[in-house]
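**Q** Got a structure for you, questions after.
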Amino acid sequence: MNTEAMRFRYIQWIPVLSILGVSLATALLWQFGPEPHREAVPQGLWIEQAANALQEPTDKLILFSWWLLPIGIVSLGLIRSARISKGRATNPRFGMMVFITLAVLALIVAVTASLWRADGWGYWRGISAISIAGGVVITAVVILSWRLTPRRGLLISLALIAMVAMFMIPSLLETASHLRDPYDFGFTGDELSAPAAGRWPLAGYVPQYTNLLGYPIAPLLILFGHGATSITVNWLILLQLVTIAGAISIPLIVSGRRMLGAAVVLVAAPLMISGIGTTQTPLSYFATMPLRTVLPVVLIVVALVLLPRVSAGLLPVFSTLVLGVLAGITGLNNADFGLPAVLMVAVALVVGIRSTRIRWTGLLFYLFGVLLVPIGYFCTVTVISGRSDPTDYLLYARTFALDGFYQEPMDAFGLHVAATALFVAAASTGAWLLLRRNSRAMSFASREGLALLLCGGWALLTMAYFAGRSLVPTFIGGAALQIGLVAAAFLPLIRCTLRRARVDRSSGGYGLWAAVIFSVVLTTIVSALLWQARKPIDSMIDFLDSGSGQALDVNGPVLDVLRRSGVRIDNSGEVLQLLPWAGLTQLETGIPTLMSFNSPEVFTISPAFVSRQCDLMSASSWKTVVIDLKFAEFLSREVACRDLLDFEQSQQAQVGKRVVAAIPRASSS
């Protein structure tokens with residue numbers, strides 16, 4: 001059997017092994033792994049958080065098993081290839097029977113996991129029969145468009161895009177006075193406005209979502225401070241669009257514009273799931289995710305463009321250095337989603353480049369570019385601000401992962417099994433296509449392998465975000481983009497498999513079952529989710545009814561009440577505010593802030609957050625601090641803050657349910 005046939009035959013096994021492997025590993029470890037436990041006195045957290053602190057050794061084992069599965073699947077394929085090359089192949093008819101049996105079993109598992117509705121929190125409504133019917137119709141239309149002439153196929157693509165736009169445009173609409181998700185925007189808006197407010201990320205200010213994406217808009221926020229919230233909202237929408245466009249472009253880079261309509265549907269559908277709450281759309285939760293995902297998606301797209309050039313020997317040093325710098329920016333911006341992308345580009349560089357000299361030289365310059373960015377950043381902020389602390393980079397990761405804050409045990413089965421199997425299949429297929437290529441040149445199979453390895457590997461590594469806090473809403477919101485991204489990356493291979501099954505009767509059985517498995521998985525997980533979206537008119541009504549105000553509207557009434565109570569609140573620098581939306585409040589009112597984090601809510605989590613806040617304030621000159629009373633109580637527990645603030649002399653004001661205190665600086669400090 002030639003190499004091409006061998007490569008094609010084993011590809012049919014990969015989705016089957018992925019689905020069965022993920023479901024089996026998850027179920028066995030869930031059943032026989034150590035039980036999750038809570039500590040009586042949680043390390044690193046306030047005692048009140050004991051009920052919210054959970055150690056989950058089994059979930060970590062499950063996560064590691066997911067990460068190891070692609071290595072095992074690819075290794076199994078290499079062993080099988082070696083046996084075939086030595087004339088030890090099994091009987092083809094027996095192999096077909098085994099494949100069909102396992103394929104049917106995998107199909108049942110995939111469909112069941114996709115339709116699973118068990119959710120103790122009651123957020124997920126499942127996928128209805130009409131949703132499946134809609135997904136099947138879309139899948140059939142997509143396959144039909146691939147068989148038509150390019151012009152007719154383009155017309156179908158445009159029709160699909162129009163349908164998606166009808167749902168997505170109302171979901172994307174957002175203004176400063178009509179926010180889809182004011183709660184989450186309080187965190188992301190503060191991080192994006194931090195540099196303009198004089199708070200340097202990782203140099204006294206510790207973001208959770210983005211360290212770098214506030215810098216591009218800082219000049220605009222400084223010049224047009226009264227419109228800071230509007231500028232920030234528009235920047236967030238632009239980041240959403242760049243992320244979506246980048247994900248859609250991946251199958252187009254591999255296989256051309258025939259993929260456009262299907263790619264738009266697959267990427268957009270998961271982002272519009274209306275399974276969270278009653279007034280939110282997935283794009284509202286997605287508002288926190290572009291800060292984490294936009295740069296990884298851009299890095300993957302750039303890698304797809306540059307790595308084939310590197311493989312062909314075209315400017316390999318320059319290309320890998322550029323790729324390394326972009327990867328360094330991506331990794332520095334966010335650890336949870338950025339570092340997996342940095343790692344996967346390095347893996348793709350090693351696996352995808354056949355020339356030994358180009359491979360290792362390219363890897364060296366890539367790593368040099370990666371390290372250049374954080375070194376340059378920390379040196380720069382140290383010179384400008386006089387401080388920097390690289391350990392802050394993983395502060396939130398330590399709190400959530402090591403301290404177990406708000407962790408939830410994973411279910412043995414459910415929607416996460418189906419999506420993880422999709423990611424494992426993508427990473428395994430991509431690695432297999434690259435390892436079994438015949439030449440140094442990047443053929444269609446190699447480009448598709450590169451896309452699948454990058455997208456699937458990155459998505460799989462980001463599942464650490466879900467494995468800790470294993471809630472259905474966390475999965476839907478946190479993995480929605482990855483599901484669509486990986487599904488879209490599979491499109492060229494699905495089209496190729498269907499075409500091959502039509503022209504090569506010897507592989508027809510394999511191709512048919514592979515196409516069925518792929519189509520069902522994509523239909524139930526991705527395409528059908530489009531029909532879970534709210535009706536466009538309902539979404540527009542929600543938008544018009546969801547007035548939520550700007551930063552000035554959030555904190556302005558409280559500040560006015562304090563002024564009427566005799567507290568001097570102005571922009572002289574004598575008064576600091578540690579309020580929600582602190583950065584935007586400073587830009588819109590002129591009242592400065594020294595908030596070290598994106599929200600005072602973090603003070604309720606851990607003494608570490610309070611300690612850092614008090615240390616920062618002690619190094620500055622001011623006379624009064626304005627803060628919500630419920631958060632001030634946690635500051636009073638820290639010795640440094642008790643020495644710094646005179647809590648007994650505080651003045652309080654109540655506006656609605658909020659009680660805000662103006663606390664003077666202690667005379668002894």
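The values are calculated or read from the model by the stated rules, or taken from the named source; none is laboratory data. None of the values given here were measured: they were computed from a predicted structure. All Cβ positions, even for glycine, are placed from backbone atoms using ideal geometry, and neighbour counts span all protein chains on display. Each accessible area value is taken on the protein alone, full model and side chains, heavy atoms only, with ligands, DNA and RNA left out. Shrake-Rupley method; radii C 1.70, N 1.55, O 1.52, S 1.80 Å.
**Q** Once phi is turned into ³J(HN,Hα) by the Karplus curve 6.51 cos²θ - 1.76 cosθ + 1.60 with θ = phi - 60°, what whole-Hz value does each residue of the stretch 140-146 show in order, with x for glycine and proline?
**A** 5, 5, 5, 4, 4, 5, 6
**Q** Just the accessible area per residue of the stretch 117-262, please: how many Å² with a 1.4 Å probe?
**A** 42 Å²
**Q** Using alpha-carbon positions, what is the distance between the centroids of the stretch 15-45 and the stretch 571-620, in Å?
**A** When both Cα centres are located, 38 Å separates them.
**Q** Same structure, new question: Given the peptides 615-628, 448-461, arrange them by the average over their residues of other C-beta atoms within 10 Å, most packed first.
**A** The packing order, highest mean first, is 448-461, 615-628.
**Q** Sorted by mean Cβ packing within 10 Å, highest first, what order do the peptides 226-233, 9-16 take?
**A** The most tightly packed comes first, giving 9-16, 226-233.
**Q** Over the stretch 195-279, what percent of the accessible surface lies on carbon and sulfur atoms, probe 1.4 Å?
**A** 70 percent
**Q** Also, quick follow-up: Counting only heavy atoms of protein chains, what accessible area per residue, in Å², does the stretch 544-669 have with a probe of 1.4 Å?
**A** Solvent-accessible surface per residue comes out at 41 Å².
**Q** Going by a ≥ b ≥ c, the root eigenvalues of the Cα gyration tensor, does the stretch 350-447 fall in the rounded group (a/c under 1.5), the prolate group (a/b larger than b/c) or the oblate group?
**A** Since a/c reaches 1.5 but b/c is at least a/b, the shape of the stretch 350-447 is classed as oblate.
**Q** Right, here's the next one. On a C-alpha basis, how far is the centre of the stretch 131-181 from the centre of the stretch 200-272 in Å? Whole number, if you could?
**A** So the two Cα centres are separated by 20 Å.
**Q** Can you give me the P(r) profile for the stretch 8-52? Cα pairs, bins 10 angstrom wide beginning at 0, each as a whole percent.
**A** Histogram of Cα-Cα distances, whole percents per bin: 22, 23, 21, 18, 12, 4.
**Q** While we're on this one: How would the stretch 576-669 be classified by its alpha-carbon gyration tensor: rounded, prolate or oblate, with rounded meaning a/c under 1.5 and the a/b versus b/c comparison settling the rest?
**A** Because its axes are fairly even, with a/c under 1.5, the stretch 576-669 counts as rounded.
**Q** So for each of 165-177, 414-426, 600-612, 323-335 I average, over its residues, the number of other beta carbons within 10 Å; can you give me the resulting order with the highest mean first?
**A** The most tightly packed comes first, giving 414-426, 323-335, 600-612, 165-177.
**Q** Can you list, bin by bin at 5 Å, the percent of alpha carbon pairs in the stretch 287-335, starting at 0?
**A** With a bin width of 5 Å, the distribution comes to 5, 23, 27, 19, 13, 8, 4, 1.
**Q** Using the Cα gyration tensor of the stretch 557-610, with a ≥ b ≥ c the square roots of its eigenvalues, what is the shape: rounded (a/c below 1.5), prolate (a/b larger than b/c) or oblate (neither)?
**A** It comes out prolate by the Cα gyration axes.
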